[in-house]
Each structure stands twice: as structure tokens, then as C-alpha cells.
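Below: one structure, written as C-alpha cells.
The values are calculated or read from the model by the stated rules, or taken from the named source; none is laboratory data. From a predicted model like this one, the values you see are computed outputs, not experimental measurements. Here the Cβ positions follow ideal geometry from the backbone for every residue, glycine too, while neighbour counts run over all protein chains shown.
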Amino acid sequence: MPSARSEHSNPAIRRCIEAYKRTYEAEFAKRQDRVRAELAAEAAYRCAMPLLVGRANIRNYIACVGHGILIGTVYPNHSGSLLYAAQVALNGLPRKPRLPGRPRGAAEPAHAKSPRSRPETPGPEIPGPETPGLLTTK
């Protein structure tokens, strides 16, 4: 059984951990089989994760996936699918409202521009066939 603190500060993670512990203990008491108890507990952890509805739930879902990866209840080969589902759900939500007094398409103030909006400086020259001094075979 992974070491999972049930006193976690995030209530969603705490709920997943509690579901894991309850299921593990019940399954182990019933069958005395650690492997089956572990598999059932891992499934209970995933089933206790929040629904992908609303920003807060999606963020908590992502936190549960991350925590599950750390403690071994969510396998890394499944985590990509789970996180992709969260990304799709998040992109499907309505966008947050714009700041008041800012018409659609208005230019951002110069001080608010991100570093990505600056023109890129040219990188080092990469030798090509027309570069003098390049060895060629004839």
C-alpha cells in the first residue's frame, strides 16, 4: 500500500486517498490478497477523482492525477490520457470575461506585452551548400 497522507490540504486529494484506504482495507480483509486489494484500491482512487465539470473540479482532478502518479495509484502510461481529458474539458469551458473597458481586439499596452511578442534576434548562421568553405565532394 503506498504511503499516502490522508491529512492532505486539498480536499479532493484527501477524498481520493480515503477511498483508496477504505477499499484496500475492505478488500484485504475479505480476500487476504494484497495484489487484488491494491488493484481495487487503485480503481477506487481513480473513481473518487472529481468530475470534469467546472474550473475548480478540473484543477482538483489534475491535482489528484498528479498525486496519484506520485504515490503509484495512477500509472504513468495512463496519466497522459487522464490529463488530456482534463485539458479537453478545460478548453470546453467558456472563457473568463475580459477586463471591463477593453473593447475586443484592442491593442495591449506596451508595458503588458509578454516577452514572446518581442521580435526574435537572428540566431547563428547555419552552414548550407552556398556557404563558402563548406567541404563538398564531387
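A few points about this structure:
- Some residue of segment 54-72 being touching a helix residue (DSSP H, G or I) at 6+ places or on another chain (Cβ under 6 Å), polar (S, T, N, Q) and surrounded by fewer than 19 Cβ atoms within 10 Å (Cβ to Cβ): no
- Residues that are touching a His at 6+ places or on another chain (Cβ under 9 Å), in a helix (DSSP H, G or I) and either in contact (Cβ under 8 Å) with a residue 60 or more places away in the chain or crowded, with 20+ Cβ neighbours inside 10 Å (or both) occur in segment 15-27; there is at least one.
- Taken together, 36, 59 contain a single residue that is under 30 Å from residue 13 (Cβ atoms), among the charged types (D, E, K, R), at pLDDT 95 or above and within 15 Å of the chain's Cα centre (by Cα), which is 59.
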